[in-house]
Amino acid sequence: MPLTSAIGSIVGEDIRSPINVPQFPRSAMDGIAVRTADLKGDGPWCLPIQTVIEAGNTTPHSLLDQHVVKIMTGAPLAEGADAVIKIEDVIVQDNKAVISQLPAPGSFIRPMGNDITSGQVLFRRGDLLRPGDIGILASIGLQQVMVTPRPRIALVSTGSEIVEPGAQLQYGQIYDSNIPTLYSLLSYDRFPVQTQERVRSNDLEPLRETLKRCLEHHDLVITTGAVSMGDYDFIPDIVTALGGKLLFYKVAVKPGKPTLIADMGQCWLVSLPGNPVSVLVGYFLYVRRVVSRLSGLPFEPVRSHATLAGDVRVSGNRFNIVGARLEKTVKGLVAHPSPRQESGRLSSARSIDGLMMIEGGTRTVKKGTQVLVELLNHERLP
């Protein structure tokens, strides 16, 4: 793919430089290029300026005996010159250069291959391309780079009650926050979404047809809703009917119990429950891991222990995932629990940057308790 589109991708093959960078000795400063052997005896020395060489000059020059060359930063060095004196350390008058101090050979010269040598392995297959890496690849003349392809991703939200944001709500309808949530999370993590679908029907056939079409043309399909135990929760049956292989269906986690992941042959399916907090939690626990692996990215969750800044009430026997705003202090990480978190209360997830992982059992976890936290964006913690 084009270099500027490859940021965040995984290199698909070893990359060796076909050239030296630079391909010629060049000046590191605006100044005067000299042959140090011409500066005999005691200074100062006054030598005529043979020519001026600017950056981008394509005509080779040979330095005449007892002459100097005026040279600009990045310009190719005249053959025979072995040092550059900064222009501020030279007096130039009447097309002559007055030099008062003998430079050391090699001063302010960048030799051929000083940055990169021909044949040097710059990237190995499996390396992650960061923004600065794109400039390195451009410096060796590449326009395109072979990468592990990013997965083609489709988002599908389900339910006759959902309405696209901006439309007029009728009684019994709600705005679809799930597709915007997943789209923004994937974009934030640099995974582009190719397709967005809303199945605004509780009937089996429209959902089956939409899923079948998306599964045929994508590498990962992420759905919300239609995966629990209700009369219209058809996705588990559709997976079986389409010949998919269930990796798991239902997890002992709160929120997000009716989560499903299936291998559909040429595509993966991650089905999350429709409650918006379950979707948010499901992204960080499952989707982020799956899409990272599909992109060739190694994914290791960043976890730490934090001190609870307030009491947390948990209930039931499932593993509890509770959002928290994390704060770095001199005593370590402090977790401020999200107030009034429920699977359908998306506003409770505002400003969270960590997920606390608390064992099941109905009880109150007291302020000051150490809890395990998975950091959502650890490099961006305040």
**Request:** Name the single residue, out of those in segment 217-258 being hydroxyl-bearing (Ser, Thr, Tyr) and in contact with a Ser or Thr (Cβ under 7 Å, 6 or more places away or on another chain), that is nearest to Pro151 (Cα to Cα).
**Result:** Thr223
**Request:** May I ask you to verify whether Leu137 is surrounded by 18 or more Cβ atoms within 10 Å (Cβ to Cβ) and part of a strand (DSSP E or B)?
**Result:** no
**Asked** Can you spot a residue in segment 296-305 that is touching an Asp or Glu at 6+ places or on another chain (Cβ under 9 Å), among the β-branched types (Val, Ile, Thr) and outside any loop (DSSP other than H, G, I, E, B)?
**Response** no
**Prompt:** Does any residue of segment 354-375 turn out to be within 23 Å of Leu186 (Cα to Cα), outside the structural domain of Thr224 (by TED's automatic domain parsing) and not in a strand (DSSP E or B)?
**Reply:** no
**Fill in**
Exception for Leu297 within (1) closer than 24 Å to Leu186 by Cβ; (2) crowded, with 22+ Cβ neighbours inside 10 Å falls at (2)
**Item:** Residue identified as closer than 27 Å to Leu280 by Cα, surrounded by 13 or more Cβ atoms within 10 Å (Cβ to Cβ) and out of contact with any Cys (no Cβ under 6 Å at 6 or more places or on another chain) among Leu122, Leu182, Leu142
**Value:** Leu182
**Fill in**
With the first residue restricted to segment 19-41 and required to be more than 16 Å from Ile53 (Cα to Cα) and touching a residue at least 24 places away in the same chain (Cβ under 8 Å), and the second required to be part of a strand (DSSP E or B) and basic (Lys, Arg), Cβ contacts under 7 Å at 6 or more apart or on different chains are Pro22/Arg110
**Asked** Has segment 71-79 got at least one residue that is touching a residue at least 24 places away in the same chain (Cβ under 8 Å), surrounded by fewer than 19 Cβ atoms within 10 Å (Cβ to Cβ) and within 36 Å of the chain's Cα centre (by Cα)?
**Response** yes
**Message:** Among (1) assigned by TED's automatic domain parsing to the domain that holds Ile10; (2) under 17 Å from the mean Cα position of the chain (by Cα), there is one condition Ser187 misses while meeting the rest; what is its number?
**Reply:** (1)
**Fill in**
Cβ pairs under 7 Å, 6+ apart or interchain, first in segment 190-202 and of a type in the set (Gly, Ala, Ser), second modelled with pLDDT of 90 or more and surrounded by fewer than 17 Cβ atoms within 10 Å (Cβ to Cβ), ordered by first then second residue, are Ser201/Ser160
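Residues are listed down the side, and each one gets a yes or a no for (1) modelled with pLDDT of 90 or more; (2) in a loop (DSSP other than H, G, I, E, B); (3) in the same structural domain as Asp127 (by TED's automatic domain parsing):
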{"position": "Ile321", "(1), (2), (3)": "yes, no, no"}
{"position": "Arg325", "(1), (2), (3)": "yes, no, no"}
{"position": "Gly344", "(1), (2), (3)": "no, yes, no"}
{"position": "Ser348", "(1), (2), (3)": "no, no, no"}
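To keep it simple, each residue is scored yes or no on (1) in contact (Cβ under 8 Å) with a residue 24 or more places away in the chain; (2) more than 23 Å from His217 (Cβ to Cβ); (3) buried (at least 22 other Cβ atoms within 10 Å of the Cβ).
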residue: Tyr249; (1), (2), (3): no, yes, no
residue: Pro258; (1), (2), (3): yes, yes, yes
residue: Ala262; (1), (2), (3): no, no, yes
residue: Asn275; (1), (2), (3): yes, yes, yes
residue: Ser278; (1), (2), (3): yes, yes, yes
**Complete:** Within segment 322-375, restricting to residues that are among the polar types (S, T, N, Q) and farther than 26 Å from Thr224 by Cβ, the one that is nearest to the chain's Cα centre (by Cα) is Thr329
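Conditions (1) assigned by TED's automatic domain parsing to the domain that holds Gly244; (2) of a type in the set (Val, Ile, Thr); (3) out of contact with any Lys or Arg (no Cβ under 9 Å at 6 or more places or on another chain), marked per residue:
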| residue | (1), (2), (3) |
| --- | --- |
| Gly159 | yes, no, no |
| Pro180 | yes, no, yes |
| Tyr183 | yes, no, yes |
| Arg198 | yes, no, yes |
| Asn202 | yes, no, yes |
| Lys212 | yes, no, yes |
| Thr223 | yes, yes, yes |
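The values are calculated or read from the model by the stated rules, or taken from the named source; none is laboratory data. Keep in mind that what you see is a predicted model, and the values were worked out from it rather than measured. Please note: Cβ atoms are built from the backbone with ideal geometry, for glycine as well, and neighbour counts cover all protein chains shown.
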